Amino acid sequence: MAKNWGKQTLAELPRPRNVSTYRPSLRGVVFLLAIWYLLHNYFIDRAQLLFSKPPINTEPRCPQVEPLHPSKSTQELDSMEDYLQSDEFRNKSIERLAGAVRVPTQSFDDLSDVGVDPRWDIFYSFADYLSKTFPLVHNTLQLEKINTHALLYTWPGSDPSLKPTLLMAHQDVVPVPDSTVSQWTHPPFSGYYDGTFVWGRGASDCKNQLIGILEAVEALIEAGFSPRRTLVLSFGFDEEISGQEGANHLAPFLQKRYGHNGVAVIVDEGAVNVESWGMDWAIPGVAEKGAVDVDIVVRMPGGHSSIPPKHNGIGVASELITLIEANPYEPLLDEENPYLELLYCGAEHAANFPSKLKHLLHKRSQQSSGTCKKSHCKDHLAVEAAKAGPEVKYLFTTSVAVDIISGGIKTNALPERTHFTVNHRINIGSSTKEIMSHIASLAAQIASRYNLTLTPFNGTESPNSITLSARDTLLEPAPITPTTTNRNAKKASPFSVLSGTTRALYGKELLVAPGIMTGNTDTRYYWGVSEHIFRYGPGWDKQQKGLGNIHTVDERVGVRAHVDTVRWMWGFVRNMDEADF
Ligand SMILES: [Zn+2]
């Protein structure tokens, strides 16, 4: 068992008193400060860890929900549960998933309208495949097709006063460029099974989730389960190109049907389980960063390149890019950022949690005002936590990346119009407004240096100017899903049910903590449908490292993880059905 460090609260430190009254020499003050610093940062922390003083604050910051098993069962349900762990089911499951991978439901960036562009038609084949593969689902649940290819399944519950459970996944996959096909160990749409993995595009993002949901529901029907709480499945078909056609139509439809926050819980694709600080963690995404792409155009006079000015549009644009890169955002852990909660969970439960982080966490919890809000103050905890690497740092840091640039058309002509695009992923606690004002202030410095007019975010381009505009894909950071828990998981909250289901499947050694996503899923359209949104990939094979090569060559999923996805969905639907909220 991991030692519960979190219950040991560090005591207030003795401060040197009345230093000014006896006017010590500067050297004396420095010496005292050094001793104090040493005591504070080294001996006292360690002494307290060694001698386990009684805790002052016994309230755990990261309580864990007990494993949650459905209490209502039947013989059929029990034997189906056993069957889900059998080789027979495993083989059937491989076949179902492989078959789904073989339908190449690629969504391309340049697709035109549904019904016009024939490349959408592959989704007819996918819907046919699902109806053949899951006959009970298609006989029992109501299926509505929204905007032609979005699939919305409804299994009405016997108690209409209960808000529905909503499970999501997307049917589409990232395209496989022809140039990369030869790099795949097994052809990308083969669904090849090598004894451990099912290979192919979509195997882990996220046909595993979609097929896993349908397999669980098929099994529930076969075992005679009939829900008390309505179950809804919604499958978009263009998540990989931002969900305009699928989720963008499904979400308003659902909100109209069930009302604002009319759905009890949403589970969509998302974070998978990880090992960290010597422990196993499930970190379902309860937040998503925001995003804004800023287009910047530098307009300067053209002319013959044989008589150039000292600086032309490309040079000025380059200077602005350099300035943007020289002024990155600092790591900052907002009180609402789930990563802060994860740190508290680590401090409380993980033996290998770094002592420096623990010390900074403690210091922070003593401050009444929380973290610094403004860019001029440094969040020492965030800075220290960011040292774990960029994957961690950008969970609580706004990222800035210049991704696209063009300017000039001829070697003998000066560039009149230079354009570049800056992508931002916005930290929790910040906003598109703050990002736009920051980049505008940097552009203003360059504009005044070269006597150019700055037109920030009002859309008019003129000669001798720097113009900024935000693309309409801009997105604020997502609302944070509540993560309150209660010992009685069935009464507490959707987070408790999710936690309890997960710990029932993987055991008590696995801890559940709130997580955050750097990217966005289809749930970006569902904020009004439910306030309890989780982005979570519950299937986990500890032997499989990484994310299963999503979005690149050799995408694959471990069958063990896939079967566990089915078992998790099976348990979650039943636990939600028994919950009292
Ligand atoms: Zn996905």
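The values are calculated or read from the model by the stated rules, or taken from the named source; none is laboratory data. All of these numbers come straight from a predicted model, not from anything done at the bench. When we count neighbours, we look across all protein chains shown, and the Cβ atoms used for this are built from the backbone with ideal geometry, even at glycine. We work out accessible area using only protein heavy atoms, side chains counted, and drop any ligands, DNA or RNA first. Shrake-Rupley method; radii C 1.70, N 1.55, O 1.52, S 1.80 Å.
Spin-label model, GLU144 to ASP121: label points 7 Å out along the Cα-to-beta-carbon direction sit 2.8 nm apart. Shape class for the range 507-581: oblate, because the ratio a/c of the largest to smallest gyration tensor axis (alpha-carbon atoms, square roots of eigenvalues) is 1.5 or more and b/c is at least a/b. Placing dummy labels 7 Å off each Cα toward the beta-carbon, the span from PHE253 to ASN458 is 4.2 nm. Among the protein heavy atoms of the range 310-371, carbon and sulfur supply 52% of the accessible surface, probe 1.4 Å, non-protein parts ignored. Nonpolar atom fraction for the range 450-581, defined as the carbon and sulfur part of the 1.4 Å probe accessible area, stands at 48 percent.
At a threshold of 8 angstrom on Cα-Cα distance, excluding pairs fewer than six apart, so keeping six or more, what relative contact order does the range 441-581 reach in percent? Reported relative contact order: 21 percent. Per-residue surface analysis assigns HIS249 an accessible area of about 70 Å², computed on protein heavy atoms at 1.4 Å probe radius.
What shape does the range 119-242 have by the C-alpha gyration tensor, where a ≥ b ≥ c are the square roots of the eigenvalues, rounded means a/c under 1.5, and otherwise prolate means a/b greater than b/c and oblate the rest? Cα axes put the range 119-242 in the prolate bin. Cross-link pairs exceeding 25 Å in C-alpha to C-alpha distance, out of LYS207/LYS508; LYS310/LYS433; LYS92/LYS163; LYS163/LYS256; LYS289/LYS387, comprise LYS207/LYS508; LYS310/LYS433; LYS92/LYS163.
Under 20 Å from a label point set 7 Å out along the Cα-to-Cβ vector of VAL392, the amide N atoms of the range 546-580 belong to 546-547. In terms of accessible area, using a 1.4 Å probe and ignoring ligands and nucleic acids, ILE404, ILE466 rank largest first as ILE404, ILE466. Among the DSSP helices (H) of the chain, those spanning at least 15 angstrom by Cα along their long axis with an average Kyte-Doolittle hydropathy of -0.5 or more are 26-38, 122-133, 207-222, 313-326, 338-349, 432-449, 494-506, 559-578; this is a geometric and hydropathy rule only.
Ligands, DNA and RNA left out, the accessible area of the range 213-290 computed with a 1.4 Å probe is 47% carbon and sulfur. Extension gain, ASN261 to PHE108, is 51.9 nm, computed as 0.36 nm per intervening residue step minus the present C-alpha separation. Using the Cβ-Cβ distance between GLN445 and TYR129 with R0 = 56 Å, the FRET efficiency computed as 1/(1 + (r/R0)^6) comes to roughly 0.50. A full extension of the chain between GLU325 and GLU95 corresponds to an added length of 77.9 nm, given 0.36 nm per residue minus the alpha carbon distance. For a paramagnetic label modelled on GLU76 (point 7 Å from Cα along Cα→Cβ), amide N atoms under 17 Å away belong, within the range 197-240, to 216-229. Counting only heavy atoms of the protein chains and using a 1.4 Å probe, LYS145 has close to 110 Å² of accessible surface. Amide H contacts under 5 Å for PHE237: GLN171, GLY246, ALA247, restricted to partners 5 or more places along the chain or on a different chain, H placed in the peptide plane at 1.01 Å from N. Distance from the C-alpha centroid of the range 150-192 to that of the range 91-107: 10 Å, rounded to the whole angstrom. Phi-derived couplings, Karplus 6.51 cos²θ - 1.76 cosθ + 1.60 at θ = phi - 60°, listed residue by residue for the range 538-544: x, x, 9, 10, 4, 5, 7 Hz, with x used for Gly and Pro.
The Rg/Rh ratio of the chain, with Rg taken over Cα atoms and Rh as the Kirkwood radius over Cα pairs, comes to 1.03.
In the context of the full set of protein chains, the range 282-360 has a per residue accessible area of 37 Å² (1.4 Å probe). Accessible-area rank, largest first, for ASP87, ASP541: ASP87, ASP541, with all protein chains present and a 1.4 angstrom probe.
With both labels modelled 7 Å from their Cα along Cα-to-Cβ, the GLN366 to LEU136 distance reads 5.9 nm. Couplings 3J(HN,Hα) for the range 188-195, derived from phi with the Karplus relation 6.51 cos²θ - 1.76 cosθ + 1.60 (θ = phi - 60°), are x, 10, 8, x, 4, 10, 9, x Hz, where x marks Gly and Pro.
Based on C-alpha pairs under 8 angstrom that are at least 6 apart in sequence, the range 397-449 has a relative contact order of 33 percent. Given contacts defined as C-alpha pairs under 8 Å and at least six residues apart, what's the relative contact order of the range 190-264, whole-number percent? Relative contact order for the range 190-264 comes out at 12 percent. Dividing the helix sum by the residues of the chain, where each DSSP H run of 4 or more adds -39500 (n - 2.57), gives a mean residue ellipticity at 222 nm of -10500 deg cm²/dmol.
Computed with every protein chain present, the accessible area of GLU578 is close to 20 Å² [probe 1.4 Å]. Among TRP120, TRP540, the sequence by solvent-accessible area, most first, with a 1.4 Å probe is TRP540, TRP120.
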